[in-house]
Amino acid sequence: MGKRSRPRVRAATAHWSTGRRVTVLAAVLALLLAGAGLAAYLTTGGGRGEAPSGKPSVSGPTARPGTSAPVAEAATGTVSPPPRLSDPLAYGRAAAVMLWSYDTRATTRDQQLAGMHAWMTTETKYTDWTSIQAQVPDPLLWSRMHDQGQHATATVSQSVFPSAFKQALAENPAALTEAYIYAVTVTGKQAIAWKDGGGGAEDRSVTLAVQCRPSADCALVAIAPNTAP
């Protein structure tokens, strides 16, 4: 944020645990096709990682498959509930908007985290919550952002399957049939504003792991350490 606090947290995605990374990418690429393709790209410095920031838009009760109770509005502030989509590209676009949007004026940090968690898959074997929650600034920075009335909105220009992901699936079409996890790269723009009228806009890009099982709503799995083209 220069003089302002911009919660970009670029280094945060590096905390994606090794175990989670291997599990998720293995599911996506069917044993990673001998370690090539997307796995190599995402786990090395091959991409330009731009970490997002989390936010809000519309709130309301929602429930993820496998949960016993809905997430209450009071617990999630203004964070948008996860949409009911079966298309990984569409879900990736919605998830990116959610991650790049926030409103510290009306949402606490805990509410922000709770709202983001509602987007996650309930399959603990694959979910990497650490990579998602790392997008939210620490409590002190969030407090300073709140004092400045900092808020952000986001727009998405496109979502695509990374080339390495498509190549891997072309070589092994059955790769998705265990976990149904897709790699989705989303690009867009984030606009940030403060209560005194200041603001700015920046381009954003991110590669997400999205799970879309047949006859089920999609869910967010993880954010990759680097953006894959």
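If you scan region 194-213, which residues turn out to be part of a strand (DSSP E or B) and surrounded by fewer than 18 Cβ atoms within 10 Å (Cβ to Cβ)?
Those that are part of a strand (DSSP E or B) and surrounded by fewer than 18 Cβ atoms within 10 Å (Cβ to Cβ): Gly199, Gly200, Ala201, Glu202, Asp203.
Identify, please: which residue in region 142-177 is open to solvent by less than 50 Å² (accessible area, probe 1.4 Å) and assigned to a helix (DSSP H, G or I) and is, among those, farthest from Val210 (Cα to Cα)?
The selected residue is Met145.
So Arg93 clears everything in (1) modelled with pLDDT of 90 or more; (2) closer than 21 Å to Ala228 by Cα; (3) surrounded by fewer than 22 Cβ atoms within 10 Å (Cβ to Cβ) except one condition, right? Which one?
Of (1) modelled with pLDDT of 90 or more; (2) closer than 21 Å to Ala228 by Cα; (3) surrounded by fewer than 22 Cβ atoms within 10 Å (Cβ to Cβ), only one is false for Arg93: (3).
Is there any pair linking a residue in region 129-140 that is over 19 Å from Leu208 (Cα atoms) to one that is open to solvent by less than 20 Å² (accessible area, probe 1.4 Å) and of a type outside the set (Ser, Thr, Tyr), with Cβ under 6 Å and at least six apart or on different chains, and which?
Within 6 Å, the pairs are Pro137/Pro7.
For residues that are assigned to a helix (DSSP H, G or I) and either among the β-branched types (Val, Ile, Thr) or touching a residue at least 60 places away in the same chain (Cβ under 8 Å) (or both), tally how many sit in region 99-114.
Here the count works out to 1.
The values are calculated or read from the model by the stated rules, or taken from the named source; none is laboratory data. Computed from a predicted model, the values in this text were never measured in an experiment. Note that each Cβ is placed from the backbone with ideal geometry, even for glycine, and that neighbours are counted across all protein chains shown. These area figures cover heavy atoms from the full protein model, side chains too; ligands, DNA and RNA do not enter into them. Shrake-Rupley method; radii C 1.70, N 1.55, O 1.52, S 1.80 Å.
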